[in-house]
Amino acid sequence: MTEDEFDLFYTAACPRLVGRLFALTGDYAAAQDVVQEAFARAWERRSSVLDGDRDPEAWIRTVAHRLAMSRWRRARRWWELVRGGSVPRPAPEPSPDHVALVAALRRLPEAQRTAVVLHHLCDLSVEQIGAETGAAVGTVKARLSRGRSALAAHLVSEEVHSTEETCV
């Protein structure tokens, strides 16, 4: 990828990526910082990241997400040290629906689970999922279809199972 092509790619992808990271972090300046850092790292590795068969935007999104999480962890740790110790707060109990969904997702094969989560929870298109996982679009569609069917069956069986337990 030439410098001009990179500039065009940057101009097109940067606002999308900053928007996604802003939604993740809740801090616009932090989102801009981690996206800029991810683009800088991509430029340093342009021969492997930008010129290969990979989706460079997916690579940059992953790096920016990891940078944001690393910042968050460092800030949280710093805050715990400043406060003089961490008092663990009790985590709220997950709802029964959440527990059932997580249990059902765990029962899916990894490829189907990945496709379902990326599509329905991360709002990625079938094409984007294919680019990130290295699977053909048709394969992603099949994984989504099979995953949704299996997920529905698992959720219904969980519901029937929990209803039987309460009736006994």
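The values are calculated or read from the model by the stated rules, or taken from the named source; none is laboratory data. Given the structure is predicted, the values throughout are model-derived calculations rather than measurements. Glycine gets a Cβ as well: all are built from the backbone with ideal geometry, and neighbour counts include every protein chain shown.
When the range 103-114 is filtered for residues that are more than 11 Å from the chain's Cα centre (by Cα), touching a residue at least 12 places away in the same chain (Cβ under 8 Å) and outside any loop (DSSP other than H, G, I, E, B), the ones remaining, listed by number, are 103, 104, 105, 107, 111, 112, 113.
Scanning the range 7-31 for residues that are under 16 Å from residue 58 (Cβ atoms) and of a type in the set (Phe, Trp, Tyr) turns up 9, 10. All of 54, 76, 61, 66 fail the test of being of a type in the set (Lys, Arg), outside the structural domain of residue 124 (by TED's automatic domain parsing) and buried (at least 16 other Cβ atoms within 10 Å of the Cβ), apart from 61.
Among residues of the range 132-148 that are at negative phi, those with a beta-carbon under 7 Å from a residue that is among the charged types (D, E, K, R) at least six positions away or on a different chain give the pairs 132/55; 137/127; 147/113. Would you check if residue 39 is crowded, with 18+ Cβ neighbours inside 10 Å and among the aromatic types (Phe, Trp, Tyr)? So residue 39 fits the description; yes. In the range 28-67, which residues are farther than 18 Å from residue 124 by Cβ, in a helix (DSSP H, G or I) and among the hydrophobic types (A, V, I, L, M, F, W, C)? Residues satisfying the conditions are 29, 30, 31, 34, 39, 40, 42, 43, 49, 67. Taking first residues from the range 1-17 that are part of a helix (DSSP H, G or I) and partners that are among the β-branched types (Val, Ile, Thr), the Cβ contacts under 6 Å between residues at least 6 apart in sequence or on separate chains come to 17/35.
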